Amino acid sequence: MRVVIAGGGNVGTHIADDLSRAGHEVVIIERDEHMVERTASRHPVTWVVGDACEVSTLHRVGLETCDVLVAATGDDEDNLVVSLLARQEFAVPKVVARVNHPGNEWLFNQSWGVDVSVSAPHLLTSLVTEAVSVGSLVRLLDFEGGGVRIIEVTLADTSPAAGRTLMELELPRDATVVAVVRQGHVVVPGGDTVLLRGDEVLVLVTTEAESFVQRVLVG
């Protein structure tokens with residue numbers, strides 16, 4: 001997979017290192033030439049000095065050949081511009097964007113070319129809530145401009161799903177249980193998987209089906 005990352009700060013370089021170790025081809029675009037001189041030797045990926053908001057820079061990195069564009073600068077306006085250019089001018093299949101200020105999160109959607117937006121404050125809030133909540137639905141991550149998300153429910157003693165198989169729950173087609181975490185171990189779910197009290201159930205669901213899933217898992 002070929003990945004282009006806009007922004008060579010801490011976030012961009014950490015993403016680049018992880019992807020590079022996994023065997024992916026990674027290119028980082030960074031406008032600060034001095035930062036590149038100081039940083040590039042510690043992160044053995046391809047570096048390009050330039051402004052990711054300029055079409056000429058995106059042509060230089062061959063953005064039209066990449067599989068994923070990650071807009072990871074520290075400026076939300078720049079991330080939105082890069083995302084829009086990637087989608088409209090270069091037809092990049094997948095665009096992931098960093099949200100620096102939670103108040104701007106509503107802008108990061110398909111209208112700006114963003115497939116997945118990541119807001120660290122909101123993600124941390126969700127994870128804290130997930131860690132202490134039993135019997136409540138927690139939204140962990142949104143995709144496709146918020147139309148699809150991953151939710152988590154830790155089954156309480158009163159959950160109507162406890163003791164039943166996934167097949168018996170009769171979840172709609174646009175709701176899929178992707179994992180069950182039980183006593184620290186991941187259970188790959190199948191139709192005959194029996195849910196137990198205390199299970200952490202992760203579901204990929206559309207907004208339309210979320211209320212149904214909440215009734216089934218929470219009550």
How many residues does segment 57-95 contain that are surrounded by 23 or more Cβ atoms within 10 Å (Cβ to Cβ) and in a strand (DSSP E or B)?
4
Matching option when the condition is touching a residue at least 24 places away in the same chain (Cβ under 8 Å), buried (at least 18 other Cβ atoms within 10 Å of the Cβ), in a helix (DSSP H, G or I) and not acidic (Asp, Glu), among Val153, Val201, Val216, Val205:
Val216
Name the residues in segment 22-56 that are in a helix (DSSP H, G or I) and out of contact with any strand residue (DSSP E or B) (no Cβ under 6 Å at 6 or more places or on another chain), would you?
His34, Met35, Glu37, Arg38, Thr39, Ser41, Arg42, Val55, Ser56
Taking interchain pairs and intrachain pairs at least six residues apart, which have beta carbon atoms under 8 angstrom, with the first residue in segment 171-184 and in contact (Cβ under 8 Å) with a residue 12 or more places away in the chain and in a strand (DSSP E or B) and the second aromatic (Phe, Trp, Tyr) and surrounded by 13 or more Cβ atoms within 10 Å (Cβ to Cβ)?
Ala175/Phe212
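Hey, among Ile5, Ile15, which residue is surrounded by 15 or more Cβ atoms within 10 Å (Cβ to Cβ), out of contact with any Pro (no Cβ under 7 Å at 6 or more places or on another chain) and not in a helix (DSSP H, G or I)?
Selected residue: Ile5, the only one of Ile5, Ile15 that is surrounded by 15 or more Cβ atoms within 10 Å (Cβ to Cβ), out of contact with any Pro (no Cβ under 7 Å at 6 or more places or on another chain) and not in a helix (DSSP H, G or I).
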Can you find a residue in segment 24-38 that is among the hydrophobic types (A, V, I, L, M, F, W, C), in contact with a Phe, Trp or Tyr (Cβ under 8 Å, 6 or more places away or on another chain) and modelled with pLDDT under 95?
yes
State whether the residues of segment 111-131 include one that is of a type in the set (Gly, Ala, Ser), assigned to a helix (DSSP H, G or I) and at pLDDT 95 or above.
no
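The values are calculated or read from the model by the stated rules, or taken from the named source; none is laboratory data. The structure displayed is predicted, hence computed values, not measured ones. Positions of Cβ are generated from backbone atoms using ideal geometry, with glycine treated the same way; all protein chains shown enter the neighbour counts.
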